[in-house]
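The structure appears right after this line, and notes come after that.
The values are calculated or read from the model by the stated rules, or taken from the named source; none is laboratory data. Everything numeric in this text was worked out from a predicted model, so none of it was measured. Cβ sites come from the backbone with ideal geometry, for glycine too, and all protein chains shown count toward neighbours.
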Ligand code: TRP
């Protein structure tokens with residue numbers, strides 16, 4: 001059975017984009033593969049965040065996974081920092097990377113550009129530079145076969161492959177399996193509601209851009225009603241010319257599990273008002289039952305949530321510790337070999 005690993009960073013509240021782009025995909029994958037999913041709380045530290053917000057994000061994301069239907073008896077869900085080997089291997093990989101290749105990462109360039117202080121000095125946290133080496137550790141620790149991610153993460157995955165190959169060559173040993181990337185072609189394309197040329201993001205400052213999984217009916221209605229379209233009043237999928245309408249079609253198609261062409265036909269004789277009403281309906285139908293389960297898990301069933309996460313971490317720790325010991329022995333940092 002192929003092993004799959006993926007994670008979501010705890011920098012904000014989960015969005016409809018996270019659900020349709022990642023979690024929905026995990027639901028399908030867990031049927032046929034060994035799935036490890038984690039809350040990337042160490043990655044959540046790479047940009048300034050208040051302790052209380054970080055705590056809530058971690059708890060909420062973990063609860064959303066289960067509320068969405070990820071099954072604790074099939075999939076191993078854990079918190080990244082509960083498996084210490086991530087940090088340890090992350091450091092080893094950092095030492096095998098070059099400053100230049102990390103500086104070339106688009107996400108690093110984007111994030112660091114926003115780091116100008118009020119007095120015009122620039123303070124770029126080192127964590128955002130090292131981000132991809134920790135991410136590589138997350139993956140390589142488990143000899144994962146596949147890593148499903150959004151298209152914005154493919155560059156980090158290419159780097160993961162480069163680091164794995166580099167270390168295998170340097171030490172003339174098959175230290176790591178070189179993973180494959182899976183990008184879900186349809187689901188990745190959930191865009192911002194007000195600026196549909198950029199991705200819907202949990203760390204967007206403009207809350208009108210984003211449907212959060214925790215949004216109530218009224219919030220969903222308001223945000224979709226105000227979503228940007230165009231003045232043509234023709235419902236067609238054309239992301240270049242009609243990014244707003246295409247985004248609404250994508251959301252509708254992803255939630256209802258239909259292909260875009262079928263949806264286009266269904267809406268062909270209708271106006272944007274009708275499209276928006278239908279999109280609001282399917283989003284609310286999706287979110288309502290999930291929100292009830294998520295709330296239960298962070299309130300009366302909190303001990304159940306904690307237990308699931310402990311089980312997940314115990315499973316992950318076994319694999320990760322073994323791999324870390326092996327790597328440490330090969331690269332020579334243990335003068336007496338650790339157990340393999
Ligand atoms: N960087 C990913 C994101 O922002 C989260 C992540 C961290 C991840 N480590 C990972 C995804 C390892 C896949 C595999 O969404």
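Annotations for the structure displayed:
- Selection from the stretch 38-47 of residues that are more than 9 Å from the ligand (Cβ to nearest atom) and in contact (Cβ under 8 Å) with a residue 60 or more places away in the chain: 45, 46, 47
- The lone exception for residue 168 - which of (1) outside the structural domain of residue 267 (by TED's automatic domain parsing); (2) within 16 Å of the ligand (Cβ to nearest atom) it fails: (2)
Let's see how each residue does on (1) within 11 Å of the ligand (Cβ to nearest atom); (2) within 26 Å of residue 251 (Cα to Cα):
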site	(1), (2)
3	no, no
18	yes, yes
21	yes, yes
49	no, no
57	no, yes
63	no, yes
94	no, no
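- Counting only helices (runs of 4 or more DSSP H) that sit completely within the stretch 16-125, those holding 3 or more residues that are under 28 Å from residue 190 (Cβ atoms) correspond to 24-29, 51-67, 106-113.
- In the stretch 137-159, residue farthest from residue 99 (Cα to Cα) [restricted to those that are within 8 Å of the ligand (Cβ to nearest atom) and not in a loop (DSSP other than H, G, I, E, B)]: 148
- Residue match in the stretch 172-180 (condition: within 13 Å of the ligand (Cβ to nearest atom), buried (at least 19 other Cβ atoms within 10 Å of the Cβ) and more than 12 Å from residue 96 (Cα to Cα)): yes
- Residue match in the stretch 241-257 (condition: modelled with pLDDT under 95 and more than 27 Å from the chain's Cα centre (by Cα)): no
- Unique match (being in the same structural domain as residue 325 (by TED's automatic domain parsing) and in contact with a strand residue (DSSP E or B) (Cβ under 8 Å, 6 or more places away or on another chain)) among 41, 24, 96, 73: 41
- Residue in the stretch 66-77 that is within 13 Å of the ligand (Cβ to nearest atom) and surrounded by fewer than 20 Cβ atoms within 10 Å (Cβ to Cβ) present: no
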